[in-house]
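Engineer: Have a look at the structure that comes next, please.
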């Protein structure tokens, strides 16, 4: 393997496009993010540590990352199922269901938050029936989970769909002729092909959920130590003109998100590398 | 396993893929289903496997009707044109798949599976590839893996759907000979679907020629090649010259032992068609018989083991293809533009239904 900067090619454009991409990414991503680190560095190490390890902050990390992760897992399972139904079966109203999947993308998050709160509050359509069972959704961590699951659904469906579409039906038929039952076929033949796409979708749903603000603050109730997410805590600090404290929390979120998406990428790489090894 | 296909009809929407097809295959034979794409051969194979359901008719395997039985109860091995290997499994895992998915009570032990997989890989000459992934193999190797995988479950019937269709000519040739030897060793009743007439003629015990959802002819490779039952079969199995119009007197070699035939010139109102294979035409420099057809040499192709000459009939301006041995070609000393006289050694006449 050579470590040349670029493969020689007669088709021009490498220098121009790479140069522009780097410039663009710096402008849009890198400079704002480094600004955050610079602002944070106005704090001493001790101040920084105190800010980011307050019990209220810790509780908010747990809720934000925990609910995002569980939401991503739920979407991984049910999003794949929705994708399967949309790709494999033709039924009346299919294109309607297909369009429905994109709704969490298109809806302003505040609208989603208000709608979810209305449905799940103790006198809402669903909340009314869940309350007697001892399940409270609105204004609890469970509500946060519902909101984060809602906004993450399209990511998994939209990444799994094209892969399922391209999946070779003959491999499934081969499995049946070899005597595999449906469950064995799904587990041993179909799922291994889908894992990379499912992981990608889950990573995106997770990343989206970690940064989510609008839909959560309505349904969460925002009780400190209980149902307060980190983005809200950052907002609170901003409103108190504690800019350095806000960016400190931002830095923590950034680092944790980066590490987690790296882990998910590793998982995805591990699940897809086996057939590409040479 | 003997197979009886009993009046099978299959439609996709308004299109009839198989129209009342019946076929008997005795146990242990290797049958080729031969026909152009869209003739229904693959559909018939898939119905036999249980991958498709017929609209009418019955499938009987070993005197037991299986038309409504699930694929898993039929004990068939199926080999797909595009291999359909499991990409994320090694070659050994692919071959072992059919054994590993058996219910626990019937499943052999891990060592038995391992031993069996290696026996099968030895059979298809791929022991060294056991730990590779399918993408690391050539097309021919992949298809051999697919075959070993199908054989692992000890099928009573082996169904091969254009197994060598995606391979290049040389590998195809090697593999079909190898498949024939394998069949002679294992004697599993096998059905080979192909659109390649050479493959069908070379590999099979009997050839079933299909066209537009119907069987045109069933016979040994010699029979279908030497005595085609229909104009379609004549066309499909090798090159052919077609002459429209009535032969003035003689119809066949039996009727005219001295081998002198007359070829008809184009007579459009006649409903007879004469077929002659290019190698059954003889050329001479001088007219020896009044019934010979006069033609001029248009092209001569000398590449290959035989010489192909393209002629233009003088009166009807029909193109005629002739195949000569190299010796005969040298004797004749043909040049472009030369006038020659054509007569057939053998021909076949079909009556075309008048429209």
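The values are calculated or read from the model by the stated rules, or taken from the named source; none is laboratory data. On a predicted model such as this, the values are computed, not experimentally measured, just so you know. Cβ atoms come from the backbone with ideal geometry, glycine included; neighbour counts cover every protein chain shown.
Engineer: Among A:107, A:167, which is at pLDDT below 90 and within 14 Å of another protein chain (Cβ to nearest Cβ)? First the steps, then the outcome.
Structural biologist: Working: A:107 fails: within 14 Å of another protein chain (Cβ to nearest Cβ).
Being at pLDDT below 90 and within 14 Å of another protein chain (Cβ to nearest Cβ) holds for just one of A:107, A:167, which is A:167.
Engineer: Of the residues B:124, B:153, B:117, which single one is away from every other protein chain (no Cβ under 14 Å), surrounded by 16 or more Cβ atoms within 10 Å (Cβ to Cβ) and either in contact (Cβ under 8 Å) with a residue 24 or more places away in the chain or within 26 Å of residue B:189 (Cβ to Cβ) (or both)?
Structural biologist: Values: B:153 fails: away from every other protein chain (no Cβ under 14 Å); B:117 fails: away from every other protein chain (no Cβ under 14 Å).
Of the residues listed, the single one that is away from every other protein chain (no Cβ under 14 Å), surrounded by 16 or more Cβ atoms within 10 Å (Cβ to Cβ) and either in contact (Cβ under 8 Å) with a residue 24 or more places away in the chain or within 26 Å of residue B:189 (Cβ to Cβ) (or both) is B:124.
Engineer: Still on this model: Checking the conditions here, which among B:23, B:33, B:51 is surrounded by 21 or more Cβ atoms within 10 Å (Cβ to Cβ) and either within 14 Å of chain A (Cβ to nearest Cβ) or within 20 Å of the chain's Cα centre (by Cα) (or both)?
Structural biologist: B:33
Engineer: Does residue B:144 qualify as being more than 8 Å from chain A (Cβ to nearest Cβ) and either crowded, with 22+ Cβ neighbours inside 10 Å or over 28 Å from residue B:28 (Cα atoms) (or both)? Full working, then the answer.
Structural biologist: Values: more than 8 Å from chain A (Cβ to nearest Cβ): yes; either crowded, with 22+ Cβ neighbours inside 10 Å or over 28 Å from residue B:28 (Cα atoms) (or both): yes.
For residue B:144, the condition - more than 8 Å from chain A (Cβ to nearest Cβ) and either crowded, with 22+ Cβ neighbours inside 10 Å or over 28 Å from residue B:28 (Cα atoms) (or both) - is met.
Engineer: Continuing with this model, one more query. Counting only residues that are touching a strand residue (DSSP E or B) at 6+ places or on another chain (Cβ under 7 Å) and at pLDDT 80 or above, how many does the stretch B:287-308 have?
Structural biologist: 13
Engineer: Look through A:194, A:153 and report the one residue that is more than 25 Å from residue B:86 (Cα to Cα), in contact (Cβ under 8 Å) with a residue 60 or more places away in the chain and either surrounded by 22 or more Cβ atoms within 10 Å (Cβ to Cβ) or in contact with a helix residue (DSSP H, G or I) (Cβ under 9 Å, 6 or more places away or on another chain) (or both). Full working, then the answer.
Structural biologist: Numbers: A:194 fails: more than 25 Å from residue B:86 (Cα to Cα).
Step by step, each of A:194, A:153 is checked, and only A:153 is more than 25 Å from residue B:86 (Cα to Cα), in contact (Cβ under 8 Å) with a residue 60 or more places away in the chain and either surrounded by 22 or more Cβ atoms within 10 Å (Cβ to Cβ) or in contact with a helix residue (DSSP H, G or I) (Cβ under 9 Å, 6 or more places away or on another chain) (or both).
Engineer: Turning to a different aspect of this structure: What single numbered condition from (1) at pLDDT below 90; (2) surrounded by fewer than 19 Cβ atoms within 10 Å (Cβ to Cβ); (3) within 14 Å of chain A (Cβ to nearest Cβ) fails to hold for residue B:74?
Structural biologist: Of (1) at pLDDT below 90; (2) surrounded by fewer than 19 Cβ atoms within 10 Å (Cβ to Cβ); (3) within 14 Å of chain A (Cβ to nearest Cβ), only one is false for residue B:74: (2).
Engineer: Go through the residues of the stretch B:208-230 one by one and say whether even a single one is within 14 Å of chain A (Cβ to nearest Cβ) and outside any helix (DSSP H, G or I). Walk me through it before giving the result.
Structural biologist: We begin by selecting, within the stretch B:208-230, every residue within 14 Å of chain A (Cβ to nearest Cβ); these are none.
Checked against the condition, which is being within 14 Å of chain A (Cβ to nearest Cβ) and outside any helix (DSSP H, G or I), the stretch B:208-230 yields no hits at all.
So that you can scan it fast, the table gives a plain yes or no per residue for (1) farther than 16 Å from residue B:101 by Cα; (2) more than 7 Å from every other protein chain (Cβ to nearest Cβ); (3) surrounded by 17 or more Cβ atoms within 10 Å (Cβ to Cβ); (4) in contact with a helix residue (DSSP H, G or I) (Cβ under 7 Å, 6 or more places away or on another chain):
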{"site": "A:174", "(1), (2), (3), (4)": "no, no, yes, no"}
{"site": "A:177", "(1), (2), (3), (4)": "no, no, yes, yes"}
{"site": "A:181", "(1), (2), (3), (4)": "no, yes, no, no"}
{"site": "A:187", "(1), (2), (3), (4)": "no, yes, no, no"}
{"site": "A:198", "(1), (2), (3), (4)": "yes, yes, yes, yes"}
{"site": "A:206", "(1), (2), (3), (4)": "yes, yes, yes, yes"}
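Engineer: Among the residues of the stretch A:229-247 satisfying the criterion of being under 21 Å from the mean Cα position of the chain (by Cα) and in contact (Cβ under 8 Å) with a residue 60 or more places away in the chain, which is nearest to residue A:145 (Cα to Cα)?
Structural biologist: So the residue we want is A:229.
Engineer: Determine which member of the set A:141, A:108, A:104 is touching a residue at least 60 places away in the same chain (Cβ under 8 Å), surrounded by 13 or more Cβ atoms within 10 Å (Cβ to Cβ) and under 23 Å from residue A:229 (Cα atoms). Before you say what the answer is, go through the steps one by one.
Structural biologist: Numbers: A:108 fails: surrounded by 13 or more Cβ atoms within 10 Å (Cβ to Cβ); A:104 fails: touching a residue at least 60 places away in the same chain (Cβ under 8 Å).
Of the residues listed, the single one that is touching a residue at least 60 places away in the same chain (Cβ under 8 Å), surrounded by 13 or more Cβ atoms within 10 Å (Cβ to Cβ) and under 23 Å from residue A:229 (Cα atoms) is A:141.
Engineer: Sticking with this one: Which number in (1) surrounded by 17 or more Cβ atoms within 10 Å (Cβ to Cβ); (2) not in a strand (DSSP E or B) marks the one condition that residue B:8 misses?
Structural biologist: Exception for residue B:8: condition (2).
Engineer: In the stretch B:84-105, what residues are out of contact with any helix residue (DSSP H, G or I) (no Cβ under 6 Å at 6 or more places or on another chain), more than 7 Å from every other protein chain (Cβ to nearest Cβ) and assigned to a loop (DSSP other than H, G, I, E, B)?
Structural biologist: B:89, B:90, B:103, B:104, B:105
Engineer: Give the residues of the stretch B:141-185 that are under 21 Å from residue A:173 (Cα atoms) and part of a helix (DSSP H, G or I), sorted by residue number.
Structural biologist: Kept after step one, since they are under 21 Å from residue A:173 (Cα atoms), are these residues of the stretch B:141-185: B:141-166.
Within the stretch B:141-185, B:141, B:142, B:143, B:144, B:145, B:146, B:147, B:148, B:149, B:150, B:151, B:152 meet the criteria.
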